[in-house]
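Contents: one structure, followed by commentary.
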Amino acid sequence: MDYTVIIGLEVHVQLQTRTKLFCGCSTKFNPDHPNTQTCPVCLGLPGALPVLNREAFHLGMKTGLAINCEIPAFTKWDRKQYYYPDLPKAYQISQYDLPMSQNGWLEIELDPETREKKKIGIIRAHLEEDAGKNSHDESGRGQDSKVDLNRCGTPLIEIVSEPDLRSAQEARTYLEELKLLLTYIDVSDCNMQEGSLRCDANVNLHVHQANGETVPTPIVEIKNLNSFRGVEQAIEYEVQRQWKHWQETGLSLKDVPKETRGWDADRGVTLEQRGKEDAADYRYFPDPDLAPVTVTDAERERVSQELCERPADRRARFEESYQLSVYDAAVIIDQGLAVADYFETVAESCGNGKQAANWVTQDVLRELNERGLDISKFPIQPDVLAALLQKVNAEEITIKSGRTVFQELLNYPEGVPGIEQIQNIIEDKGLALVSDTGELDSIVQAVVDKNEKAVADFQSGKQAALGALIGQVMREIKGADPKAVRELFIAKMS
Amino acid sequence: MSITSATASELLAKMNSGEISSEEITSACLDEISRRDGSINAFLSVQQEAALEKAREVDRKRKAGKPLGKLAGLPVALKDNICSEGVTTTCASKMLEHFVPPYDAHIVEQLKAADAVLIGKTNLDEFAMGSSTENSAFKTTTNPWNTAYAAGGSSGGSAAAVSAGFAPLALGSDTGGSIRQPASFCGVVGLKPTYGRVSRYGLVAFASSLDQIGPFARDVTDAALILGTIAGKDRRDTTSLDAAVPEYTSTLEQPLKNLKVGYIELLHEEGLHAEVKEATLRALDVYKSLGAEMVPITLPHAKYCVATYYIIAPSEASSNLARYDGVHYGYRAPHFENMIDMYAASRGEAFGDEVKRRIMLGTYALSSGYYDAYYLKALKVRRLIRNDFEQAFQSVDIIATPVTPTPAFTIGELVDDPLAMYLADIFTTSANLSGIPGISIPAGMSKNNLPIGLQLLAPPLEEERLLRAARMFERETDWHLKRPV
Ligand SMILES: [Zn+2]
């Protein structure tokens, strides 16, 4: 007997609007000043009414289109009703039977070696408002619980996948690709620590029996997955637990209702959760305070025009157009839109994609890491780096000198260095490549004259001696073209 | 006429001519309240100091020749489910007994901008659920014509305040007749505008798709005056309509030519009180005498109005009132075991029976497995009722009906018979379900010396037509001039 793992993910993503979904309050992450970003609307005060934030709807459409969803012409708002202290109206404005986008897919790469790809179906993506945050006294002294409503009313898009994922690894890959996509199209920062991206996983097994039948085990929804590692580990744990449970009890989907379990990252286990989810009747009904939203073909078209190239497409194009390795293309794309744009500007204007990729993936990323910088704050503009690489390409300076110039540009004391600084640094430091044999000749001759032993060693076949001789010339003339120097030595000593 | 029985327009004219000041008017109203509200119980709170202060400010502005708002110096009473910043807004519920909103409703802003003098907050059935104000957690408003009788509801306090001489103008809310029915009982003009004509922002929601704010006044002209100041698009209420607000008062005196008045033959003959029927027929004769054509109409789905209403309104109410859970504001039970218990105890202790009854009705109607049979079906019937009116207005300009099947009932008469109370909404709920405007105007007196109203209905956003038609009737009759003694 064996089994197939069946996984579907429900991902909640905070859309990066300036203000909340139905009021003008700020959406800033601000846990240190609770209940300061609130108003009568998001506090659910009597008489207050919601007003749709069109920007949130716009970002929702962008998201829906990016994951290849249909955007129906008509969508409406529904109240999902339940009691919880972080939900001051006792209902969440969400979308029930007519979501604003549906029937999409996201392609993931299963294996970078084989390049095998798989389309993961997306059932729907709908908009809803976030709840506030409860905090409970964990000291055991029975202090009051507290409620912070700063987050209450923040726009979320909930993306529900088909149960198309077949392993914890696939689930993680899907989530990573989704995050990358949403940050690329600039709808969310997907910051998992701050809760801008949260994930629940529905997991069960299809057990294949000897008689050829397949029996599904009970579906478990794992909540509280707030890291990629957590998603992977929780699913792995849950698969093992369900397999064991199946072997012990033989209970199948139809014997047991859907169960909710929480992921305890510290203990590495999922635990049964009791709470508002159990057998809840949310009594959904259309929110009479909000008019339905209609979307025209023109609007749909306009928003899809705004979409940039999806990361998967760009990855493929980088490999193709710039002859990048799978690895380099992935590294650049995974750094996000800004780094990819940076790379592309450099590659375009220096005319050598591979060289650009080397410099971006090694020198630039290293500096960003070391300095804890975002690419937008990186002192060397892409056109400057491109100009520098061009000089290396044109053999006006050596690669080594190029790295020196790079460091100098990084440490440029007066703001952002312009292209002209490259030349200034080359001149200041005497880095210009000297391949003029006339100028080099006298120095090479002097070194030959001073180093009788080394010359003799070379002549007796010790190639290593040549390196030391060249080094002496290079110390003398920083920009000396090592190739030219080498040839001069060989000519003089042979 | 005395200050407290004059109309708003008369008082404005006197203030403009310098004959009287706003302070004098406001003081006269406040005196009348302190003299007689002990037996009428129209007010839940009176903002005496703030009112006098505003009155004096308006007087100073008027004296200095500064620009003044349209209601400058006129006392206005507000139903206590309309939020006013810094003033308790109780909804006549123990739940919100001490609730002080941090903001003004849209119409309160409009009234303040119009230099009205906000004099006090009036009694209502708890959360506007009821037809008699007997469901108020605090007091029962009596009918100024005879205090043994109900003032009607749910805006009974506002109707009684205008009728009793406490304020020339008042605001109420109408979800299934809550303005028109008490206006009819108390012998004043009550107008429910088109759904969306007036912003609901700051009106504590009962049934969001039916609620509409509207005025009480002593005649049609005053109703037109105040409607003009509160109507219009408000971006904070996305259901408010983006349509120009006509100068209702400027066309009011122009009679409608070739007016076609629709009336319903044999409408619920059985339950209709003889005196109400007589008053309605008499009113039709008045229009006939003015050259209007009487056109019998049918509203085939009218018989489902009450049933439809009592599915939709409680469903929305069950959701709208879920927020009163003792967590964030409002009443919290002093003793409870845990969170669920706190919710149950707070709501159990602070809501009255009628509110609980409707929450249970609505919760049931929205429950999984019942939604399609109740709520969804009610929405479909609502559509049919709306179609009936659209159809009818193809052939008539306005529709004339009774407001209620009977004149005011006595206090306590229907308290133990909620169904009879619900059925009395038969003529009023259709306007809310179909979103059209309706007005109740004084059109007769019963043998018991209680007012009888006439309801006129018009197509959506045709308040101007409605007011002009009402004014045509008013000019020919003197029911609106009668005052309780
Ligand atoms: Zn807010």
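The values are calculated or read from the model by the stated rules, or taken from the named source; none is laboratory data. Note that the structure is predicted; figures quoted are calculated from it, not measured. Glycine also receives a Cβ, built like all others from the backbone with ideal geometry; neighbour counts cover every protein chain displayed. Just the protein is used for accessible areas: all its heavy atoms, side chains included, with ligands, DNA and RNA removed. Shrake-Rupley method; radii C 1.70, N 1.55, O 1.52, S 1.80 Å.
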Along the principal axes of its C-alpha atoms, what lengths does chain A span, in descending order and rounded to whole Å? 96, 61, 57
Top positive-direction residue, dipole computed over the protein assembly as shown with Cβ charges, set A:Gln381, B:Ile297, B:Ile33: B:Ile33
Using R₀ = 56 Å, calculate the FRET efficiency as 1/(1 + (r/R₀)^6) where r is the Cβ-Cβ separation of A:Glu427 and A:His206; round to 0.05. 0.20
Taking the dipole about the Cα centre of the protein assembly as shown, with the C-beta of Lys and Arg at +1 and of Asp and Glu at -1, give me whichever of B:Ala373, A:Val269, A:Cys350 is farthest to the positive side. B:Ala373
Simple Cβ-charge dipole of the range B:41-157, Lys/Arg +1 and Asp/Glu -1, about Cα centre, in debye nearest 20: 580
Dipole magnitude of chain B, debye to nearest 20 (Cβ charges: Lys/Arg +1, Asp/Glu -1, about Cα centre): 700
Once the other residues with Cβ under 13 Å from the Cβ of B:Asp325 are scored (Lys, Arg +1; Asp, Glu -1), what is the net sum? +1
When the accessible area of the range A:309-429 is split by element with a 1.4 Å probe, what percent falls to carbon and sulfur? 46
In nm, what is the difference between 0.36 nm times the number of residues separating A:Thr214 and A:Arg403 and their Cα-Cα distance? 61.9 nm
What average count of beta carbons from other chains do you get within 10 Å of the Cβ of residues in A:45-58? 6
At 7 Å along the Cα-to-beta-carbon direction for both B:Ser39 and A:Gln305, put a label point, then send me their distance in nm to one decimal. 7.4
Amide H partners (placed H, <5 Å) of A:Ser26, local residues excluded: none
Simple label model, 7 Å out from Cα along Cβ direction - A:Asp313 to B:Val485, nm: 8.6
Taking r as the C-beta separation of A:Gln323 and B:Asp353 and R0 as 56 Å, the FRET efficiency to the nearest 0.05 is 0.10
Summing both sides, how much accessible area is buried between B and A? Use a 1.4 Å probe and give Å² to the nearest 100. 2700
Within the set of other residues whose C-beta is less than 10 Å from the C-beta of B:Leu124, count the net charge using Lys and Arg as +1 and Asp and Glu as -1. -1
I need to check one value: relative contact order of the range A:1-141, counting alpha carbon pairs closer than 8 Å and at least 6 residues apart, in percent. 18
Compute the FRET efficiency between B:Glu53 and B:Thr251 as 1/(1 + (r/R0)^6), taking r as their Cβ-Cβ distance and R0 = 35 Å, and round to the nearest 0.05. 0.45
Amide H neighbours of A:Ser101 under 5 Å, counting only residues 5+ apart in sequence or on other chains, H built in-plane at 1.01 Å? A:Ala125
Expressed as a whole number, the average count of other chain Cβ atoms within 10 Å around the Cβ atoms of A:281-287 is 6
Per-residue HN-Hα couplings for the range B:209-214, Karplus 6.51 cos²θ - 1.76 cosθ + 1.60 at θ = phi - 60°, whole Hz, x for Gly and Pro? 7, 10, 4, 8, 7, x
Add -39500 (n - 2.57) for each DSSP H run of 4 or more in the protein assembly as shown, then divide by its residues: what number comes out at 222 nm, to the nearest 500 deg cm²/dmol? -12000 deg cm²/dmol
Near B:Ile385, within a Cβ-to-Cβ distance under 14 Å, what is the net charge of the other residues, with Lys and Arg +1 and Asp and Glu -1? +3
At 7 Å along Cα-to-Cβ for each site, give me the label-to-label distance between B:Arg282 and A:Asn35 in nm. 5.9
Of the options B:Ala113, A:Gln16, B:Leu252, report the single residue whose Cα projects farthest towards the positive end of the charge dipole of the protein assembly as shown (beta-carbon charges: Lys, Arg +1; Asp, Glu -1). B:Leu252
List every residue whose amide H lies under 5 Å from the amide H of A:Ile120, counting only residues 5 or more places away in sequence or on a different chain, with H placed 1.01 Å from N in the peptide plane. A:Leu106, A:Glu107, A:Ile108
Roughly how big is chain A's charge dipole about its Cα centre, with Cβ charges of +1 (Lys, Arg) and -1 (Asp, Glu), in debye to the nearest 20? 520
